[in-house]
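The values are calculated or read from the model by the stated rules, or taken from the named source; none is laboratory data. The shown structure was predicted, so the numbers you read here are calculated from the model rather than taken from an experiment. Note that each Cβ is placed from the backbone with ideal geometry, even for glycine, and that neighbours are counted across all protein chains shown. Each accessible area value is taken on the protein alone, full model and side chains, heavy atoms only, with ligands, DNA and RNA left out. Shrake-Rupley method; radii C 1.70, N 1.55, O 1.52, S 1.80 Å.
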Amino acid sequence: MGKERPGGEKQKRMVVGVVCNFAAELKLLLTALLLLCTLVTLLQFVPSRFTISASDLRFCISPIAASPSPSLSDTQSDDLLSNGILRRAFHPYGAAAYNFITMGTYRGGPNTFAIVGLASKPLHLYSRPAYQCQWLPSNTKQNNTNITSSLAYKILPDWGYGRVYTVVVVNCTFSHPVNLDNSGGTLLLHASTSGGGDSKFNLTDTIPALTEPPGTFNLSLFTSKPKYDYLYCGSSLYGTLSPQRVREWIAYHVRLFGERSHFVIHDAGGVHEEVLEVLKPWMELGYVSLQDIREQERFDGYYHNQFLVVNDCLHRYKFMAKWIFFFDVDEYIFVPPKTTLGSVLDSLSDYSQITIEQMPMSNKLCHSVDAAKRHRKWGFEKLVYRDVKRGIRRDRKYAIQPRNVYATGVHMSQNLGAGAKTTHKTEGRIKYFHYHGTIAQRREPCRNLVNSTDINFENNPFVLDTTLRDLAGSVKKFELKMIGSRLYNTRQ
């Protein structure tokens, strides 16, 4: 038996003491490792649609780890030169606006895509940001694993009305069709600042714009007959809207547009509970789709990002409708008696875009014959005086055949395909009556009763026009036939 070295017992006691002193820390470390292993194991069973992106991780870490300060080698300071000149240094922090914000990405054909989004307006106004598209097939065994588009051009459709952000439609065109075997893939958008914002850097963000799961690509979509004859793309609805005015508007236009029609409503805060109750019957019948777009209010664009919304709607439904209409919920499309919307548009089928003449109606003047029962009459039934002031350019609204259009605006599109034509000569065939501001009034609109066929009111000449009033009875009967009496007690 070997002789124990002097001090051995003392060393053992020291080790035991160290272990005892750090027992709590060891327990905490082991517990943390156990939780980490458990989390890793659980993540293997989470559905594939649940992902944690790099941006998510940065968001989680940001409260703990602030943006790192520039290293000493990168940090500049004021420098007094030998010639007596003081050279000043500038220190950038943060970012004023996002490089690109996507709302939707849609196919335009077997080899083309449209990416609809917002981007920094100063970046596009004073610099030349560039875009490039890339298709990554899910089947990595394919020879064309990386396909980079030869054409990726941008369209700015908001006519310079943007604020912090402007609307951008990026068109990606590949040299040949992608995902024809329906194996799936991902479209990447490479958005480069090209030195805008800081000429020292050309920053590029790689954005997964669209993922097509295997088996979801429908090639026949581009050649088959559209699901709808007429589709309405609504602008952003905001404010305290009148449920009764919305009720009247939707009943009138479903009757006019017919069975093969659809209405896309965009809620930017205006579809409160009472308005929703008015839309529900028509949603249940399949005539109305409601999209909640309130999140876009985070990004400072023109008029609740109106141009963004209509462009997204255009590309989302581009192959689902023969004609798409763009107008507001205080405006009523009208075609003359003995014609139909279908017959009028058939006569204009050679044009990819038609604009529609405005008939401005008073939002205050009603005929005195309705004095006793005006509370029971609908808005377009009792507001019967039309503004006839001459020499004023009135805004027009429009309809397009969407397969020939690349981007659109609020009052017309300036981005038609090659050979596509526009006509403004639609007088006598189609027009719209505009009851400006009535949609946002939650009170009785008849504030002035008139017993005359013409009147000068607030320095404008008005004449009696009962065109839509004469249709009110038919519209009410249509509503009753379609959805019953469930909306009879709708409030102003």
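Taking all protein chains as present, what is the carbon and sulfur share of the accessible area of the range 221-303, in % to the nearest whole number, probe 1.4 Å? Can you show the working numbers first?
Details: 1630 of 3320 Å².
Carbon and sulfur: 49 percent of the exposed surface of the range 221-303.
With the other protein chains left in place, how much accessible area per residue, in square angstrom, belongs to the range 225-483 at a 1.4 angstrom probe?
Per-residue value: 43 Å².
Mind grabbing the base-10 log of I(q)/I(0) for the range 195-286 at q = 0.13, 0.19, 0.24, 0.26 Å⁻¹? Debye formula, identical points on the C-alpha positions, no solvent, two decimal places.
Debye curve over Cα of the range 195-286, log10 I(q)/I(0) at q = 0.13, 0.19, 0.24, 0.26 Å⁻¹: -0.70, -0.95, -1.22, -1.33.
How large is ³J(HN,Hα) for each residue in the range 379-388, as worked out from phi by the Karplus curve 6.51 cos²θ - 1.76 cosθ + 1.60 (θ = phi - 60°), to whole Hz, x for Gly and Pro?
x, 6, 7, 10, 8, 10, 10, 9, 6, 10
Express in % the proportion of alpha carbon pairs of the range 372-423 at distances exceeding 14 Å.
68
Name the residues whose placed amide hydrogens come within less than 5 Å of the amide hydrogen of Q414, ignoring near sequence neighbours (fewer than 5 apart) on the same chain.
G409
Name the long-range amide H neighbours of H436: under 5 Å, sequence gap of 5 or more, or other chain; modelled H, no Pro or chain starts.
Amide H to amide H, under 5 Å and 5 or more residues apart or across chains, H436 pairs with M361.
Can you tally the lysine pairs in the range 419-492 where the Cα-Cα distance is under 30 Å and the two residues are eight or more apart, or on different chains?
On the way: K421/K431; K431/K476; K431/K477; K431/K481.
Lysine pairs satisfying the spacing and distance rule in the range 419-492 number 4.
Which aspartates and glutamates have a Cα lying under 18 Å from the Cα of K200, excluding residues fewer than 8 positions away in the same chain?
Partners within reach: D74.
Provide the per-residue ³J(HN,Hα) series for the range 324-331, in order, calculated from phi with Karplus coefficients 6.51, -1.76, 1.60 and θ = phi - 60°, each as a whole number of Hz, with x at glycine and proline positions.
Along the range 324-331, the couplings run 10, 9, 10, 7, 9, 7, 10, 10 Hz.
Under the Kirkwood approximation applied to all pairs of distinct alpha-carbon atoms, what is the hydrodynamic radius of the range 257-352 in Å?
Working: mean 1/r = 0.0644 Å⁻¹.
One over the average 1/r among Cα pairs gives 15.5 Å for the range 257-352.
For the range 82-217, compute Rg over Rh where Rg is the Cα radius of gyration and Rh is the Kirkwood radius from the inverse mean 1/r over Cα pairs.
Rounded to two decimals, Rg over Rh is 1.11.
Over the residues of the range 410-484, compute the C-alpha Rg and express it relative to 2.2 N^0.38 Å. Write down the numbers at each step before the final one.
Numbers: Rg = 18.4 Å, N = 75, 2.2 N^0.38 = 11.3 Å.
For the range 410-484, the normalised Cα radius of gyration comes out at 1.62.
Given the C-alpha atoms of the range 318-469, compute the convex hull and give its volume per residue in Å³.
So the per-residue Cα hull volume is 138 Å³.
Between V168 and residues 5 or more places away or on another chain, which pairs have amide H atoms under 5 Å apart, with H built 1.01 Å from N, and which residues are they?
G117, L118, A119
Kirkwood-based Rg over Rh for the range 225-483 (C-alpha set), two decimals? Display every interim value, and only then the final one.
Numbers: Rg = 18.2 Å, Rh = 19.1 Å.
Using only Cα positions, Rg/Rh for the range 225-483 is 0.95.
Work out the length of the dipole vector of the range 82-217 about its Cα centre, built from +1 on the beta-carbon of each Lys and Arg and -1 on the beta-carbon of each Asp and Glu, and round it to the nearest 20 debye. Write out the running numbers ahead of the final one.
Numbers: 9 positive and 5 negative charges, 102 e Å.
In total the dipole reaches around 500 debye.
From the convex hull of the Cα coordinates of the range 300-351, what is the mean projected area in square nanometres? Present the calculation step by step, with values, prior to reporting the outcome.
Details: hull surface 20.5 nm².
Here the figure is 5.1 nm², rounded to one decimal.
Beta carbons within 10 angstrom, averaged per residue: use that to sort the peptides 164-174, 342-352, 264-274, 328-338, highest first.
Working: 164-174: 23.2, 342-352: 14.9, 264-274: 19.1, 328-338: 17.1.
Sorting 164-174, 342-352, 264-274, 328-338 by mean packing, highest first, produces 164-174, 264-274, 328-338, 342-352.
Which value results when the Cα radius of gyration for the range 396-451 is divided by 2.2 N^0.38 Å? Mind dumping the intermediate values first?
Numbers: Rg = 17.3 Å, N = 56, 2.2 N^0.38 = 10.2 Å.
Relative to the rule-of-thumb radius for its length, the range 396-451 sits at 1.70.
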